[in-house]
1. Could you tell me which residue out of I114, V143, A176 lies farthest along the dipole of the chain toward its positive end? Charges go on the beta carbon: Lys and Arg +1, Asp and Glu -1, centred on the Cα centre.
2. Over all directions, the average projected area of the alpha-carbon convex hull for region 75-174 comes to how many nm²?
3. Obtain the radius of gyration and the Kirkwood radius of region 1-76 from its C-alpha atoms and give Rg over Rh.
4. For region 1-130, evaluate the Debye formula with one uniform point scatterer on each Cα (no solvent term) and list log10 I(q)/I(0) at q = 0.17, 0.21, 0.22 Å⁻¹, rounded to two decimals.
5. With only alpha-carbon atoms in the gyration tensor, what are the semi-axes of the equivalent ellipsoid for region 49-116, in Å, largest first?
6. When the helices in the chain are scored as -39500 (n - 2.57) per DSSP H run of 4 or longer and the sum is shared across all residues, what 222 nm value do you end up with, to the nearest 500 deg cm²/dmol?
7. Throw me the Rg/Rh for region 127-195, computed over C-alpha atoms with Kirkwood Rh, two decimals.
8. Counting only protein heavy atoms and using a 1.4 Å probe, what share of the accessible area of region 148-196 belongs to carbon plus sulfur, as a whole percent?
Amino acid sequence: MSEVKKIVILFSGSGTNLESIITKLHKKAQRSSEKCHSIEVAAAICNVPTALGIEKATRLHVPTVVLDHKLFDSREAFDTKLVELINSYEPDLVVMAGFMRILTPVFTSNVKAINLHPSLLPKFKGAKAIERSFESDDTQGGVSVHFVTEELDAGELILQESFEKSADETLESFEAKIKEIEHEILPNAIKKLLCS
Ligand code: GRF
C-alpha cells in the first residue's frame with residue numbers, strides 16, 4: 001500500500017536547497033522497495049518577507065507562508081507561533097534549508113527537525129562556516145545534515161560528505177562545490193529518514 005510522508009521546509013534566503021528538495025522529492029514516486037512511496041512538501045515557511053526563495057516555492061506550487069520574526073517581541077514568541085504553524089500541517093519531518101534563526105527550546109523540544117550545515121561538523125559550527133572552513137588549514141571541506149537540538153549545530157549526524165580543496169581553490173569555487181553537494185545530500189537525508 002502506498003504511503004505519503006509529509007515534510008515542512010523552513011528557509012530564510014535564496015532557497016536553492018528548497019528548490020532542489022521540491023524538484024527531487026515533491027510528489028515524486030520513491031522506489032517501491034522503500035517504505036514510503038511518496039513525499040509531499042506540505043508547506044514552505046520563511047521568516048524573511050524579501051527572501052528570493054518565496055518565488056521559487058510559489059512557482060513550484062508549494063503552499064508558502066511568511067512569518068516575519070521582526071513582528072514578534074521575543075524569540076520564544078516567534079517560536080511559539082512557528083511551532084503552531086508547523087503543527088497545523090502535521091508533518092513527519094521538518095527540514096531547515098538555510099533557516100537563519102537561533103532556536104529556543106520552545107522549538108527544539110516540540111519539533112523533529114533536521115538542518116543543513118556547510119562544513120564537516122563538528123568543525124565550524126555557527127555563522128560564516130564556509131568562509132572559516134575555506135580559510136582554515138584543512139585540506140578538505142564538506143557538508144553535514146544533522147538533527148536539530150537545543151545546542152547549535154551539535155545534533156546527531158545523519159549524512160556527511162567531504163571534498164578535497166584544490167590547489168587553486170577560491171572562495172567562489174569552494175562555495176560552488178558546497179552548493180553542489182548540498183543539493184544532493186539534503187534530499188538524500190530526507191529519503192534516508194522517511195523511506196528506509
Ligand atoms: C546553505 O549553504 C546552508 O548550508 C546554510 O544556508 C545556505 C542556504 O542556501 N545553512 P540556499 O538558500 O538554499 O541557497
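The values are calculated or read from the model by the stated rules, or taken from the named source; none is laboratory data. As the structure is a prediction and not an experimental result, all values here were calculated from the model. Cβ: placed from backbone, ideal geometry, glycine included. Neighbour counts: every protein chain shown. In case anyone asks, the SASA skips ligands and DNA or RNA and just uses the protein heavy atoms, side chains included. Shrake-Rupley method; radii C 1.70, N 1.55, O 1.52, S 1.80 Å.
1. The Cα lying farthest towards the positive end belongs to I114.
2. Working: hull surface 27.1 nm².
Average projection, Cα convex hull of region 75-174: 6.8 nm².
3. Working: Rg = 14.3 Å, Rh = 13.3 Å.
Value, to two decimals: 1.07.
4. For the requested q values the scattering log ratios are -0.93, -1.30, -1.38.
5. Taking √(5λ) for each Cα gyration eigenvalue gives 20, 15, 12 Å.
6. Details: 6 runs with 66 residues, N = 196.
So the calculated ellipticity at 222 nm is -10000 deg cm²/dmol.
7. Values: Rg = 13.1 Å, Rh = 13.1 Å.
So for region 127-195, dividing Rg by the Kirkwood Rh gives 1.00.
8. Ligands and nucleic acids excluded, carbon and sulfur give 49 percent.
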